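The values are calculated or read from the model by the stated rules, or taken from the named source; none is laboratory data. Just so you know, these numbers come straight off a predicted model, no measurement behind them. When we count neighbours, we look across all protein chains shown, and the Cβ atoms used for this are built from the backbone with ideal geometry, even at glycine. Quick note on the areas: whole protein, heavy atoms, side chains included, nothing else; ligands and nucleic acids left out. Shrake-Rupley method; radii C 1.70, N 1.55, O 1.52, S 1.80 Å.
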Amino acid sequence: MNATAKHPLLVVGAGIAGVTAAIEAAEAGREVILLESEPSIGGRVVRNFQYFPKLCPPTCGMEINIKRIERNPRIRVLTQTQVTKASADAQGWQVTLTRKPQYINDNCTACGECEKVCTTKVPDPVNLGLSQVPAARLYHKDAWPKQYVLDKAACPQSDLDAVAGACKYNAVDLNAQPTEETLAVSAVVVATGWKPYPLQNLTNLGAGKLSDVISNAHMERLAVKAGPTAGKILRPSDGQPPKKVAFVQCAGSRDVNHLPYCSGVCCLASLKQATYVREQIPESEVTIYYIDRRTPGRNEDLLLKVAGMEGVKMIKGKVGAIETQNNSLKLKVEDVEAGKLIEADADLVVLATGMVPNLKDDMKVFDLPKDSDGFGLDNPDKKIFVAGVTRRPEDVAASVRDATGAAAKACVAQGSQGGL
């Protein structure tokens with residue numbers, strides 16, 4: 001057995017790509033450490049209402065993956081943990097893992113008693129700050145590990161005492177401290193995923209100024225039953241169902257002033273979300289403004305379905321500005337096919353914001369090479385590989401395939417133990 005294979009494989013990020021890479025490597029016989037900076041695995045996929053091409057809930061796939069993790073003793077999962085130091089050597093990497101204080105620890109049974117007595121509310125990060133949740137809570141309803149979290153810094157001492165007093169299982173440790181662990185790993189897969197392009201950068205489109213101009217990530221949460229509106233698509237300004245919804249494509253993508261690249265899934269996301277609106281609000285009118293319609297492969301079926309739906313229009317045109325007038329949103333659009341500038345009304349505008357890799361802030365410790373757009377590149381000489389949207393913008397199915405390939409490359413780099 002090659003000496004490097006004695007050490008585990010490290011997978012950084014437990015979204016769909018990281019989870020896939022960890023499972024595939026473990027089922028091939030490798031020891032794996034799977035890190036996630038948030039309290040729960042699943043990343044952005046589990047925050048969706050549905051995902052294409054089948055338009056089914058993400059819990060379908062994640063439930064299967066969680067069972068595969070639970071029954072595989074080769075996978076060690078560490079949530080609320082980040083790599084804070086890393087150095088490459090001949091055998092792979094020496095890494096220092098830092099875990100946030102576990103104010104509610106592994107003794108938690110998710111009984112919910114602490115939440116009942118916690119009066120402090122905090123913005124819900126899962127709902128992108130669109131709603132408030134108790135400071136002591138399950139991270140979201142499908143969270144795994146099924147363990148409560150506590151935002152200690154937000155709570156007055158009275159709430160902290162109440163939370164500690166309500167726990168019958170000695171799971172609340174208000175004096176918990178960060179913990180560090182340094183270990184050798186034979187190879188690294190980086191699957192830290194993405195974040196939406198910041199809305200506040202798109203002021204010409206009313207983002208950050210007009211409450212009824214939201215992102216596609218916000219729209220996804222509006223459609224989820226566990227979301228801020230209990231699954232009802234409502235205008236943020238007045239809580240009413242929108243009658244005219246405009247989807248603006250390439251909001252911050254394919255733009256020299258913002259992101260120069262195509263973000264890969266924005267067309268599909270808007271097509272999918274158009275079905276949400278039409279199914280929930282049958283009298284609504286949906287207009288999709290696009291530069292190009294990019295739905296490669298079998299995803300073309302979704303384009304044809306939505307383009308043929310009653311109440312849906314698709315206009316090839318670039319939206320240059322969005323303003324408010326008489327309680328309505330006014331869109332200024334360059335209609336390419338008509339060859340003229342037009343104005344259009346909407347009650348709700350959904351911006352298809354681009355995908356930005358999380359590498360800039362999260363992965364400096366590895367000195368990972370990047371392409372000109374900021375996405376990660378493999379470095380086989382240092383036994384570090386990238387997967388999913390860390391490599392390029394792509395949908396769930398492509399991320400799963402890519403992560404399987406990254407696991408294979410990492411296993412080969414580890415040595416001769418096991419095989420794929």
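Near residue 347: Cβ cut-off under 11 Å, other residues only, Lys/Arg at +1 and Asp/Glu at -1. The net charge is -1. Comparing 338, 110, 143 in a Gaussian network model of the chain where C-alpha atoms under 10 Å apart are linked, the largest mean-square fluctuation is found at 338.
Can you give the calculated 222 nm mean residue ellipticity of the chain, where each DSSP H run of n ≥ 4 adds -39,500 (n - 2.57) and the sum is split over every residue, rounded to the nearest 500 deg cm²/dmol?
Working: 9 runs with 93 residues, N = 420.
Per the formula, -6500 deg cm²/dmol.
Could you tell me which GluC sites (Glu not before Pro) in segment 207-300 are loop residues by DSSP with no more than 14 other beta carbons within 10 angstrom of their beta carbon? Before the final figure, lay out the partial values.
Values: sites: 220, 279, 283, 285, 300; in loops: 283.
When the GluC sites (Glu not before Pro) of segment 207-300 are filtered for loop state and at most 14 Cβ neighbours within 10 Å, 283 remain.
A cut-off under 13 angstrom between Cβ atoms defines the neighbours of residue 174, and their net charge, with Lys, Arg +1 and Asp, Glu -1, is -3.
Residues of segment 270-390: accessible area per residue at 1.4 Å, in Å²?
For segment 270-390, the per-residue accessible area is 48 Å².
What accessible area per residue, rounded to a whole number of Å², is obtained for segment 215-269 using a probe radius of 1.4 Å? Kindly include the intermediate steps, with their values, before the conclusion.
Working: 2070 Å² over 55 residues.
I get 38 Å² per residue for this part.
Within the listed set 17, 162, 387, the Gaussian network model of the chain (springs between alpha-carbon atoms below 10 Å) gives the highest mean-square fluctuation for 162.
Available extension along the chain between residue 201 and residue 85 is 38.6 nm, counting 0.36 nm per residue and deducting the alpha carbon span.
With the full set of protein chains in place, find how many percent of the accessible area of the chain is carbon and sulfur; take the probe as 1.4 Å.
Numbers: 9220 of 18720 Å².
On the chain, the fraction of accessible area on carbon and sulfur atoms equals 49 percent.
Relative to the longest principal axis of the Cα atoms of the chain, the long axis of helix 16-27 lies at roughly 30 degrees. Heavy atoms of the protein chains alone define the surface here; on that basis segment 45-93 has 54 Å² accessible area per residue at 1.4 Å probe size.
With a threshold of 24 Å on the Cα-Cα distance, the over-threshold entries among 85/146; 100/195; 313/340; 85/370; 225/330 are 85/146; 225/330.
Taking 0.36 nm per intervening residue step and subtracting the Cα-Cα distance, what contour gain separates residue 300 from residue 146 on full extension? Working shown, then result.
Values: separation 154, 0.36 × 154 = 55.44 nm, distance 3.78 nm.
Length gained between residue 300 and residue 146: 51.7 nm.
A Gaussian network model of the chain, with springs between Cα atoms under 10 Å, assigns the largest mean-square fluctuation among 402, 89, 345 to 89.
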